[in-house]
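> If you scroll down you'll find the structure; I have some questions about it.
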Amino acid sequence: MVHPVELVLALLAVTVALALIARKLGVAEPIFLVVGGLLLGLQPWVPGFRIDPQVVFLLFLPPLLYAAAFRTPWPEFRAQLRAITLLAVGLVLFTTAAVAAAAHYLLDLPWAVAFVLGAIVSPPDAVAAVAVTQRLRVPRLIVTILEGESLVNDATALVALRFAVAAVATGAFSLAGAGWEFVLVSAGGVGVGVAGGWLVYRFHRWLDRSGVADSKLVITVTLLTPFAVYLTAEHLHLSGVLAAVSAGLWIGNRCEEVFTHELFEEARAVWEWIEFLLNGLVFILVGFALRQILEQFGDTTHTPRELAIGAAGVCGATIVARLLWMFPGAYVPRWVDNRLGCAGPYPSWRSVTVVGWTGMRGAVSLAAALALPLTTEDGRPFPGRDLIQLLTFAVIFATLVGQGLTLPLLIKGLGVSAVPPPRTEDADESEREWEARADADSTDT
């Protein structure tokens, strides 16, 4: 019997090995980690284990979202807020409906159950997409939109999933009630995040003035921050995702006021190491999950051929829905702006195509599928639970591996790239400015 600690250490070692091979082959690490985890997990000599979805939601999600938000410049995020909202809210709901229709008509799933599946697979995981796009040096605008979308879309999908699961359990659904609660949960999560970010910001300023803190203590505070705001929001039945994102945006765009340049660089090194470990583990666990799903799969109402057709249809609906949404979502608002006298440039169709092809799903969808309840409120087995989990894995694998491997070819074929500017004396000057601003802020207070 393998001890859990030994298993975690073994997974970390495998993560490092697969990451090294991926870099040597020039393949995005998330893709290679999922494939490697899948192949290893299916081997009979590898010990099996069950993935606790709460570990993904509580251990992986808060720090990864917080770190991504911390790095996102607020002016860039705000400039693309409309595009991000259309993707993170409008596209998520549109994909939910498209996937639900495919599952209902191809696999005869009840509408409520089909919407559960749609909500689970609707949010793309931009970690893999950003890993590919950054390696190929696509324009910063694309990266900003993808990162901004990933910061918000999980909240939309998880709220939609909550209502879909409730509809399955109770057989009732109120669109007006769902809309109102969505606004309340989202606004409350943002409020908790901003309030928590402000408190942590003031705490950092106090530590800086008091002189009692060192880098180890300050970095530990930064590590605890995303968990604190996430758990607070979740216990208040608000969006922990938006709380972590809001806190990251709030603190990240004021970091020069509380961190010296040397401390920031030291904290960034720690965070980059943690992000590497968490991202590596979460993607390799996605690959290992297939064994768990197959071992508990008990659907006997569909033949293998029907399952294959249904899986292909659901995967196709997931991919096509994003492509269908992208062009109207990109061009119609600009057309309206021009009609109202607010002239603005239309985005390049090449860039729109690249963003449309980056709808890769990941760990959040998997954790949501595994977290489905075993029974409904009246004690009945949750209908279609095993099938939903199998289809979710099919969507993750098809989008992550299929789109992930072809995305570099698409980017190169369309010529969507940006060469980073060379380092100049301005970069050194910005570092000196960081220190000067931090010293000025500390003396002013």
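The values are calculated or read from the model by the stated rules, or taken from the named source; none is laboratory data. None of these values were measured; they are calculated from a predicted model. So basically every Cβ, Gly included, is an ideal-geometry build from the backbone, and we count neighbours across all protein chains shown. What goes into the accessible areas is simple: the full protein's heavy atoms, side chains included, and nothing from ligands, DNA or RNA. Shrake-Rupley method; radii C 1.70, N 1.55, O 1.52, S 1.80 Å.
> Rounded to the nearest 10 degrees, what's the angle between the helix 425-444 long axis and the longest principal axis of the chain, both from Cα atoms, 0 to 90?
Taking Cα atoms only, the helix is inclined about 80 degrees.
> First select every other residue whose beta carbon is under 15 angstrom from the beta carbon of Trp357; then total the charges, Lys and Arg +1, Asp and Glu -1.
Result for the local shell: +2.
> How much net charge surrounds Phe182 when only the other residues with a Cβ under 15 Å from the Cβ of Phe182 are counted, with Lys and Arg +1 and Asp and Glu -1?
Net local charge, Phe182 excluded: -1.
> For segment 218-323, take the alpha-carbon Rg, divide it by the Kirkwood Rh, and send me Rg/Rh.
My calculation puts Rg/Rh at 1.16.
> If you take the alpha carbon radius of gyration of the chain and divide it by 2.2 N^0.38 Å, what ratio comes out, to two decimals?
For the chain, the normalised Cα radius of gyration comes out at 1.00.
> Rounded, prolate or oblate for segment 278-407? Axes are the square roots of the Cα gyration tensor eigenvalues, ordered a ≥ b ≥ c, and the cut-off for rounded is a/c under 1.5.
Prolate shape, in that a/c is at least 1.5 and a/b is the bigger ratio.
> Could you compute the FRET efficiency for Thr300 and Ala176, with r as their C-beta to C-beta distance and R0 at 41 Å, rounded to 0.05?
Efficiency, rounded to the nearest 0.05: 0.60.
> Let me ask something else about it. When ligands, DNA and RNA are left out and all protein chains stay put, how many square angstrom of accessible area per residue does the chain have with a 1.4 Å probe?
Per residue, the chain has an accessible area of 47 Å².
> With a Förster radius of 41 Å, plug the Cβ-Cβ distance of Leu409 and Tyr331 into 1/(1 + (r/R0)^6) and report the FRET value to the nearest 0.05.
0.95
> With a ≥ b ≥ c the root eigenvalues of the C-alpha gyration tensor of segment 77-197, is it rounded (a/c under 1.5), prolate (a/b larger than b/c) or oblate?
oblate
> Gain in length, Tyr105 to Val183, computed as 0.36 nm per residue apart minus the alpha-carbon separation, to one decimal in nm?
Additional length available on full extension: 25.0 nm.
> By how many nm would the segment from Arg268 to Arg162 lengthen if fully extended, with 0.36 nm per residue of separation less the alpha-carbon distance?
34.7 nm
> First measure r as the distance between the Cβ atoms of Arg50 and Arg339, then evaluate 1/(1 + (r/R0)^6) with R0 = 51 Å and state the FRET efficiency to the nearest 0.05.
0.40
> What net charge is computed for the residues neighbouring Trp74, neighbours being all others with C-beta under 14 Å from the C-beta of Trp74, Lys and Arg scored +1, Asp and Glu -1?
Result for the local shell: -1.
> Here is a follow-up. Roughly speaking, to the nearest percent, how much of the chain's 1.4 Å accessible area is carbon and sulfur?
Its accessible area is 67 percent carbon and sulfur atoms.
> Just need the relative contact order of the chain here, percent rounded to a whole number, with Cα pairs under 8 Å and 6+ apart.
Rounded, it is 28 percent for the chain.
> Once label points are set 7 Å from the Cα along Cα→Cβ at both Val320 and Asp214, what is their separation, rounded to one decimal in nm?
Placing both labels 7 Å along Cα→Cβ, they lie 6.2 nm apart.
> Okay, moving on. Mind checking the angle between helix 240-252 and the chain's longest principal axis? C-alpha axes, 0 to 90 degrees, to the nearest 10.
For helix 240-252, the angle is close to 20 degrees.
> If I fit a long axis through the Cα atoms of helix 140-170 and take the longest principal axis of the Cα atoms of the chain, what angle between them do I get, 0 to 90°, rounded to 10?
40 degrees
> If you wrap segment 1-106's Cα atoms in a convex hull and average its projection over all directions, what's the area in nm²?
The directionally averaged projection comes out at 10.8 nm².
> Using +1 on the beta carbon of Lys and Arg, -1 on that of Asp and Glu, and nothing else charged, what's the dipole of segment 9-167 about the Cα centre, debye to 20?
It works out to roughly 440 debye.
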